[in-house]
Amino acid sequence: MVEKAKFIWFDGKLIPWDQAQVHVLTHTLHYGLGVFEGIRAYFCQDGRTAIFRLSDHIRRLFDSAHVMMIEMPFSRDELEAACCESLRANGQKEAYIRPLVFLGEGVMGLNPAGSPVQVAIISWVWGAYLGDEGLARGIRVKTSSFIRHHVNIMMTKTKTVGNYVNSIMAKREAVSAGYDEALLLDTAGYVCEASGENIFIVKDGVLKTPPLTSILPGLTRDCVITLAQDLGLTVKEDRFSRDELYLADEAFFTGTAAEVTPIREVDLRVIGPGHPGPVTKKIQEAYFAVVKGQDARYQRWLTYL
Ligand SMILES: *Cc1c(COP(=O)(O)O)cnc(C)c1O
């Protein structure tokens, strides 16, 4: 269960957590047209709190809304300020922040014209998404029987609410079979992404990640590409098959929620030595140093409260 905080920012103001309610005629609740983001704020060594890549997340929220033709009732600046406000009001030094844009009560049927657009920003304390042990030792992954969206069925570059029914089916299938996370292939059969994470493999010191064609353009993915290149590593954005993954020396998932989570096994094949490898560890270390404000080179990505 989500650990309650004091306030939720809802349609322009902070209201008590329990009062952030919607009507059952909320359009998004029926048909799934809404967009959201997932952002993290970290407690830094100097005692301050920094939100990681806040403006990039809010830009992607607006991009998602643009693609889905949802007219945003607030400006980017207003929503960035609202994220900071939510953390401050709740006294959160570290938190996960969930902006959600949805169509409210008023219209039914599949033409949402005239539906009011509502925005909520919820922040709560959320630990390692795939578990502390997963972060430290790596997780077990199963290729899903469900495939990721075709680019003309759902808009894959958006965090659209309805897109995640596919993710939920894959996640449930994997977890009920005793795995930690699902890996989804794309419609051509190549490795795509996990239910809510991007994927990287490492072979002979070179990193590879699927191109942006049909995946969610993860900001953690983007950050990891930059960090790897700055560490002198080569990163290729290229599609690869599941057997190439089975044969990788190392593999890991990236995402705001999952951070940098090593993969130790896929479909009962042990990846490399079966524990996080040197490149994964280096990237993970570099990532946590950046988000916690310990690396002067990447201060541009941090918004301090
Ligand atoms: C959010 C998400 C990611 C990761 O994106 P980040 O910006 O790194 O958090 C990857 N895949 C899917 C399907 C997602 O929803």
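Which residues, taken from the range 156-178, are outside any helix (DSSP H, G or I), out of contact with any helix residue (DSSP H, G or I) (no Cβ under 9 Å at 6 or more places or on another chain) and on the phi < 0 side of the Ramachandran plot? Explain how you work it out, then say what you get.
Let us first name the residues in the range 156-178 that are outside any helix (DSSP H, G or I), namely 156-160, 177-178.
With out of contact with any helix residue (DSSP H, G or I) (no Cβ under 9 Å at 6 or more places or on another chain) added as a condition, the list becomes 177-178.
Scanning the range 156-178 gives a single hit, Ala177.
Would you mind finding the one in Ile263, Ile283 that is within 16 Å of the ligand (Cβ to nearest atom) and assigned to a strand (DSSP E or B)? Spell out how you get there, then give the answer.
Values: Ile283 fails: assigned to a strand (DSSP E or B).
It is Ile263.
Tell me the strands (runs of 3 or more DSSP E) entirely within the range 1-94 that contain at least 3 residues that are within 21 Å of the chain's Cα centre (by Cα). Please lay out each step first, then the result.
Working: elements: 7-10, 13-16, 34-36, 39-43, 49-52.
So the answer is 34-36, 39-43, 49-52.
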Legend entry - Contacts under 8 angstrom Cβ, first residue in the range 143-161 being touching a residue at least 40 places away in the same chain (Cβ under 8 Å), partner away from the ligand (no atom under 13 Å from the Cβ) and of a type in the set (Lys, Arg), 6 or more apart: Thr143/Arg242
Inset, instruction - Tell me, yes or no, whether the range 146-160 has at least one residue that is of a type outside the set (D, E, K, R) and touching a Cys at 6+ places or on another chain (Cβ under 8 Å). - result: yes
Inset, instruction - Please work out which residue is most open to solvent (accessible area, probe 1.4 Å), limiting yourself to the range 210-234 and to residues that are hydroxyl-bearing (Ser, Thr, Tyr) and more than 11 Å from the ligand (Cβ to nearest atom). - result: Thr213
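Tell me, which residue of the range 1-54 that is of a type in the set (S, T, N, Q) and surrounded by 15 or more Cβ atoms within 10 Å (Cβ to Cβ) is nearest to Glu78 (Cα to Cα)?
Just the residues of the range 1-54 that are of a type in the set (S, T, N, Q), to begin with: 19, 21, 26, 28, 45, 49.
From what's left, surrounded by 15 or more Cβ atoms within 10 Å (Cβ to Cβ): 26, 28, 49.
Working: Thr26: 24, Thr28: 23, Thr49: 19 Å.
Step by step, filter the range 1-54, then rank; the result is Thr49.
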Legend entry - Test: residue in the range 186-197 that is over 27 Å from Tyr164 (Cβ atoms), open to solvent by less than 30 Å² (accessible area, probe 1.4 Å) and β-branched (Val, Ile, Thr): no
Legend entry - Any hit, the range 107-121, residues being open to solvent by 30 Å² or more (accessible area, probe 1.4 Å), in contact (Cβ under 8 Å) with a residue 12 or more places away in the chain and not in a loop (DSSP other than H, G, I, E, B): yes
Legend entry - Qualifying residues in the range 237-257 (those that are more than 16 Å from the ligand (Cβ to nearest atom) and among the hydrophobic types (A, V, I, L, M, F, W, C)) - the one surrounded by the fewest Cβ atoms within 10 Å (Cβ to Cβ): Leu247
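Any residue at all in the range 197-205 that's free of Cβ contacts under 8 Å to residues at least 40 places away in the same chain and away from the ligand (no atom under 15 Å from the Cβ)?
Of the range 197-205, the ones free of Cβ contacts under 8 Å to residues at least 40 places away in the same chain are none.
Checked the range 197-205: no residue is free of Cβ contacts under 8 Å to residues at least 40 places away in the same chain and away from the ligand (no atom under 15 Å from the Cβ).
The values are calculated or read from the model by the stated rules, or taken from the named source; none is laboratory data. Being a predicted model, the structure only gives us computed values, none of them experimental. Here the Cβ is made from the backbone with ideal geometry for all residues, glycine too, and neighbour counts use every protein chain on show. For accessibility, only protein heavy atoms count, side chains too; no ligands or nucleic acids. Shrake-Rupley method; radii C 1.70, N 1.55, O 1.52, S 1.80 Å.
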